[in-house]
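Working notes for the structure below.
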Amino acid sequence: MADTETDVEALLRQVFDLFMKDKDSPLIGLMSPSTRSRGKISRVTFNTALRPIWNTFSGNPAEFVFEALSAYLHVWRPLLRKNNAEGNLTNPTLFRAIMLLFPAAAERVSDRHGEQYTVQYFSEVLDPVFSRIRKSDLKRPGGSPVALHEAFKKAMESGFSIGRGR
């Protein structure tokens, strides 16, 4: 009975495996399937990061989940690189906070472009947000993914205004 895998666990495993093996994965070489390893995202960290947002995918297959999350993460990599924090993508706190922001970013993409979750469309949504994220949050993410997510969400929500001539 203990070895029985739920449907969610099976999909999480499939998505993890796609991130680990797909040549276009933004996490290629950064995944550790069986053991915890410094500079790698373990299966436990990955599953912990995705469980709170899993309902966002409402029964979609693993390939769809991978494509959407992959496009999203491809946008984060240059931001981290620009801020000398690319190695922090594997930091569990930062990774979980990034994943917690995914539903809000995906909702904005969906509002503007329908169900087309591409690097271009995520970039369109996130680029303005990145200018409002504190570099220290990327370099030293702290210990609370929820607090870091709140900082990211605040950066996403600020800066919006309605004006003429836009």
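Condition first: outside any loop (DSSP other than H, G, I, E, B), among the small types (Gly, Ala, Ser) and within 21 Å of Gln14 (Cβ to Cβ). Can you find one or more residues in the stretch 78-97 that meet it?
no
Please enumerate the residues belonging to the stretch 1-19 that are in contact with a helix residue (DSSP H, G or I) (Cβ under 9 Å, 6 or more places away or on another chain) and not in a loop (DSSP other than H, G, I, E, B).
Val8, Glu9, Ala10, Leu11, Leu12, Arg13, Gln14, Val15, Phe16, Asp17, Leu18, Phe19, listed by residue number.
Spot the failing condition for Phe46; the list is (1) in contact (Cβ under 8 Å) with a residue 24 or more places away in the chain; (2) surrounded by fewer than 16 Cβ atoms within 10 Å (Cβ to Cβ); (3) closer than 17 Å to Tyr72 by Cβ, and only one is missed.
The one condition Phe46 does not meet is (2).
Within the stretch 138-157, how many residues turn out to be part of a loop (DSSP other than H, G, I, E, B) and touching a residue at least 24 places away in the same chain (Cβ under 8 Å)? Give the steps one after another, and end with the answer.
Taking the stretch 138-157 and keeping what is part of a loop (DSSP other than H, G, I, E, B), we get 140-144.
Subset that is touching a residue at least 24 places away in the same chain (Cβ under 8 Å): 141-144.
The number of residues fulfilling the criteria is 4.
Taking Gly114, is it loosely packed, with under 12 Cβ neighbours inside 10 Å and closer than 20 Å to Gly39 by Cβ?
It is false that Gly114 is loosely packed, with under 12 Cβ neighbours inside 10 Å and closer than 20 Å to Gly39 by Cβ.
If you scan the stretch 1-43, which residues turn out to be out of contact with any strand residue (DSSP E or B) (no Cβ under 8 Å at 6 or more places or on another chain), β-branched (Val, Ile, Thr) and surrounded by 12 or more Cβ atoms within 10 Å (Cβ to Cβ)?
Residues satisfying the conditions are Val8, Val15, Ile28.
Return the residue satisfying two criteria in turn: it lies in the stretch 25-77 and is polar (S, T, N, Q) and assigned to a loop (DSSP other than H, G, I, E, B), and of such residues it is nearest to the chain's Cα centre (by Cα).
This residue is Ser25.
Glu86 - would you say it is among the acidic types (Asp, Glu) and surrounded by 15 or more Cβ atoms within 10 Å (Cβ to Cβ)? Please lay out each step first, then the result.
Numbers: among the acidic types (Asp, Glu): yes; surrounded by 15 or more Cβ atoms within 10 Å (Cβ to Cβ): yes.
For Glu86, the condition - among the acidic types (Asp, Glu) and surrounded by 15 or more Cβ atoms within 10 Å (Cβ to Cβ) - is met.
Taking the condition of a type outside the set (Phe, Trp, Tyr) and either modelled with pLDDT under 90 or assigned to a loop (DSSP other than H, G, I, E, B) (or both), does Gln120 pass?
Against the criterion (of a type outside the set (Phe, Trp, Tyr) and either modelled with pLDDT under 90 or assigned to a loop (DSSP other than H, G, I, E, B) (or both)), Gln120 does not qualify.
With (1) touching a Lys or Arg at 6+ places or on another chain (Cβ under 6 Å); (2) closer than 26 Å to Ala104 by Cβ as the list, and Arg81 as the residue in question, which single condition is left unmet?
The number of the failed condition is (1).
The values are calculated or read from the model by the stated rules, or taken from the named source; none is laboratory data. Keep in mind it's a predicted model, so treat the numbers as computed, not measured. Methodologically, a virtual Cβ is constructed for each residue, glycine included, from the backbone with ideal geometry; neighbour enumeration extends over all protein chains shown.
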